[in-house]
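Peer 1: Here it is, the structure, as structure tokens.
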Amino acid sequence: MKIDINEIINSAAGEIAAATLQTLPELKLKYLGKDGEITKILKTLKILKPDERKELGQKANEAKKIIEQALENKEKELSQKAIQEKTASQKVDISPIFYFPVNSGHFHIITKTIEDISQIFISLGFKIAKGPEIETDWYNFQALNHPEDHPARDVQDTFYLQGSKDLLRTHTSPVQVHVMQNQKPPVRVIVPGRVFRNEASDASHSSTFHQIEGLFVNQNVTFVDLKSTLASFVKKFFGQNISLRFRPSFFPFTEPSAEVDVQCFFCGGKGCGVCKQSGWIEILGCGMVHPNVFKAVEYDSENYTGFAFGMGVERIAMLKYGIDDIRLFYENDLRFLRQF
Ligand code: DAH
């Protein structure tokens, strides 16, 4: 029997070169499997003469190695090519299939400002009080010592409810009256709340906005208490280095009355467009509670004194955060809200 091992090697090499990943296992069987070409030769060795057996055995084992190696190389080559083709044809999208946005919400800047201001007064011993947004003329004006012909009573300034004398409160001051009617001194409250004015909206006016009212009534409350309380608030809220001044003013429900100005932070007091060249910005009204207000709530003004103050939340937030248009607070544009 004449067996040409080289021929087997050659035909295996040719077939392996043309193989695919699918046909490669078949070729492995065909040459090296239990009934494969090389295996068959190795099985016949025992019937040969010793010298023939040795020669053919060596050749067959070499051929086995060569074919094994060729199969292995081809498999590597083909699987690498397959991976390359796959990555070239597919752009791999590594983003997760389900995308959960992780933005968490936060309080509106007006809510946050009310909270910040309230916390300072709470730390000074004040409690929070609330009152109705719909008021009678008596609570909003009369009990607060407004004369009958006060201009704020005009429909130009106040929203009256249809067919009624009731109105939307124009300030949080009427809550002072409710609180004093319901409790004996000492009284120490702040009142955050919404107020309404019948006016056209522009960059600094809105028909709905927020105020925080303050009231402290006890025996021997003086203007010094008012000054130290408000100075302490201003420094805690705007910063220890801020300068402030009390400027005489007028409100019907306080006597004497004052307004608190802070040094303009935009120009450092030199004078600019924001402070109208004065170097100062008004942030709140205040004063000693007028005896007529005590009379309206049946407090004995011989025995008790008190101070009150009121500030606009939007105005204070605009100053603190450098916001130049009050309407931004109500438009709910997320690009604005997310800055705070
Ligand atoms: N109610 C005033 C306003 O709306 C603000 C105010 C001023 C409140 C002086 C006060 C005060 O309690 O004492 O303009």
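The values are calculated or read from the model by the stated rules, or taken from the named source; none is laboratory data. Everything numeric here is computed off the predicted structure, so don't read it as measured data. Neighbour counts are summed over all protein chains in view; Cβ atoms, including those assigned to glycine, are modelled from backbone coordinates with ideal geometry. Ligands, DNA and RNA are excluded from the accessible area calculation, which covers all protein heavy atoms including side chains. Shrake-Rupley method; radii C 1.70, N 1.55, O 1.52, S 1.80 Å.
Peer 1: Which residue out of Phe246, Phe237 is modelled with pLDDT of 95 or more, in a strand (DSSP E or B) and assigned by TED's automatic domain parsing to the domain that holds Thr113? Walk me through how you get there before you give the answer.
Peer 2: On the way: Phe237 fails: in a strand (DSSP E or B).
Within the list Phe246, Phe237, the selection yields Phe246.
Peer 1: Further question: Are there any pairs with C-beta distances below 7 angstrom linking a residue in the stretch 59-79 that is part of a helix (DSSP H, G or I) to a residue that is charged (D, E, K, R), with the two at least 6 apart or on different chains, and if so which?
Peer 2: Pairs that qualify, where the first residue is part of a helix (DSSP H, G or I) and the partner is charged (D, E, K, R), are Leu71/Lys28.
Peer 1: While we're on this one: Restricting to the stretch 109-133, give me the number of residues that are at negative phi, in a loop (DSSP other than H, G, I, E, B) and either open to solvent by less than 100 Å² (accessible area, probe 1.4 Å) or of a type in the set (Ser, Thr, Tyr) (or both). Reasoning before the result, please.
Peer 2: In the first step, residues of the stretch 109-133 are kept if they are at negative phi; the result is 109-124, 126-133.
Subsequent filtering for residues that are in a loop (DSSP other than H, G, I, E, B) retains 124, 126, 129-133.
Right, trim to either open to solvent by less than 100 Å² (accessible area, probe 1.4 Å) or of a type in the set (Ser, Thr, Tyr) (or both) and you get 124, 126, 129, 131-133.
Residues that pass the stated criteria total 6.
Peer 1: Can you tell me which residue in the stretch 324-339 is farthest from the ligand (Cβ to nearest atom), limited to those that are of a type in the set (A, V, I, L, M) and in contact (Cβ under 8 Å) with a residue 40 or more places away in the chain? Give the derivation first.
Peer 2: Applying the first criterion (of a type in the set (A, V, I, L, M)) to the stretch 324-339 yields 326, 328, 334, 337.
Next cut, in contact (Cβ under 8 Å) with a residue 40 or more places away in the chain only: 326, 337.
Details: Ile326: 15, Leu337: 26 Å.
Applying the filter and picking the extreme gives Leu337.
Peer 1: Would you confirm whether any residue within the stretch 82-97 is free of Cβ contacts under 8 Å to residues at least 24 places away in the same chain and under 30 Å from Gly36 (Cβ atoms)? Give the derivation first.
Peer 2: Here is the first cut: in the stretch 82-97, the residues free of Cβ contacts under 8 Å to residues at least 24 places away in the same chain are 83-97.
The next check asks that each one be under 30 Å from Gly36 (Cβ atoms); those that pass are 83.
Within the stretch 82-97, one or more residues are free of Cβ contacts under 8 Å to residues at least 24 places away in the same chain and under 30 Å from Gly36 (Cβ atoms).
Peer 1: Which residue pairs have Cβ atoms closer than 8 Å, lie 6 or more positions apart in sequence or on different chains, and pair a first residue in the stretch 164-186 that is free of Cβ contacts under 8 Å to residues at least 40 places away in the same chain and within 23 Å of Ala152 (Cα to Cα) with a second residue that is within 13 Å of the ligand (Cβ to nearest atom) and charged (D, E, K, R)?
Peer 2: Partner pairs satisfying both residue conditions: Asp166/Glu135; Leu167/Glu135; Leu168/Glu135; Arg169/Glu135; Thr170/Asp157; Thr170/Arg197.
Peer 1: Just one of Ser228, Ser232 is touching a residue at least 12 places away in the same chain (Cβ under 8 Å) and either away from the ligand (no atom under 16 Å from the Cβ) or farther than 17 Å from Ile316 by Cβ (or both); which is it? Can you show your working first?
Peer 2: Numbers: Ser228 fails: touching a residue at least 12 places away in the same chain (Cβ under 8 Å).
It is Ser232.
Peer 1: Which pairs turn up if I take residues in the stretch 299-310 that are among the small types (Gly, Ala, Ser) and look for partners that are more than 16 Å from the ligand (Cβ to nearest atom) and outside any strand (DSSP E or B) with beta carbon separation below 7 Å, at least 6 apart in sequence or on another chain?
Peer 2: As it stands, the answer is Ser301/Lys295, since those pairs meet every condition given.
Peer 1: Ok, one more. Quick check: is even one residue across the stretch 200-215 under 30 Å from Asp157 (Cα atoms), open to solvent by 70 Å² or more (accessible area, probe 1.4 Å), modelled with pLDDT under 95 and part of a strand (DSSP E or B)?
Peer 2: yes
Peer 1: When only residues in the stretch 65-108 that are open to solvent by less than 100 Å² (accessible area, probe 1.4 Å) and of a type in the set (Val, Ile, Thr) count, which is nearest to Leu337 (Cα to Cα)?
Peer 2: Thr87
Peer 1: For residues in the stretch 235-254 being within 13 Å of the ligand (Cβ to nearest atom) and open to solvent by 60 Å² or more (accessible area, probe 1.4 Å), which is nearest to Ile316 (Cα to Cα)?
Peer 2: Here the residue is Arg247.
Peer 1: Within the group Gln58, Gln142, which residue is more than 30 Å from the chain's Cα centre (by Cα) and loosely packed, with under 12 Cβ neighbours inside 10 Å? Reasoning before the result, please.
Peer 2: Details: Gln142 fails: loosely packed, with under 12 Cβ neighbours inside 10 Å.
Going through Gln58, Gln142 in turn, just one is more than 30 Å from the chain's Cα centre (by Cα) and loosely packed, with under 12 Cβ neighbours inside 10 Å: Gln58.
Peer 1: List the pairs whose first member sits in the stretch 270-292 and is among the aromatic types (Phe, Trp, Tyr), whose second member is within 16 Å of the ligand (Cβ to nearest atom) and open to solvent by less than 60 Å² (accessible area, probe 1.4 Å), and whose Cβ atoms are under 6 Å apart, counting only residues at least 6 apart or on separate chains?
Peer 2: Sorted first by the residue in the stretch 270-292, then by its partner, the pairs are Trp280/Asp261.
Peer 1: Before we move on, is Thr208 within 31 Å of the chain's Cα centre (by Cα) and within 10 Å of the ligand (Cβ to nearest atom)? Show your work before the answer.
Peer 2: Details: within 31 Å of the chain's Cα centre (by Cα): yes; within 10 Å of the ligand (Cβ to nearest atom): no.
No; evaluated as a whole, the condition is false for this residue.
Peer 1: Just to verify a result, which residue in the stretch 183-197, among those that are within 39 Å of the chain's Cα centre (by Cα) and away from the ligand (no atom under 12 Å from the Cβ), is nearest to Glu133 (Cα to Cα)?
Peer 2: Quick first cut of the stretch 183-197, residues within 39 Å of the chain's Cα centre (by Cα) only: 187-197.
From the residues that got through so far, the ones that are away from the ligand (no atom under 12 Å from the Cβ) too are 187-188, 192, 194.
Numbers: Val187: 21, Arg188: 21, Pro192: 11, Arg194: 7 Å.
Among those that are within 39 Å of the chain's Cα centre (by Cα) and away from the ligand (no atom under 12 Å from the Cβ), it is Arg194.
Peer 1: Hey, another quick one. Among the residues of the stretch 293-317, count how many are closer than 18 Å to Ser207 by Cα and either within 16 Å of the ligand (Cβ to nearest atom) or outside the structural domain of Asp202 (by TED's automatic domain parsing) (or both).
Peer 2: Within the stretch 293-317, the subset closer than 18 Å to Ser207 by Cα is 310-317.
Remaining after also requiring either within 16 Å of the ligand (Cβ to nearest atom) or outside the structural domain of Asp202 (by TED's automatic domain parsing) (or both): 310-316.
Count: 7.
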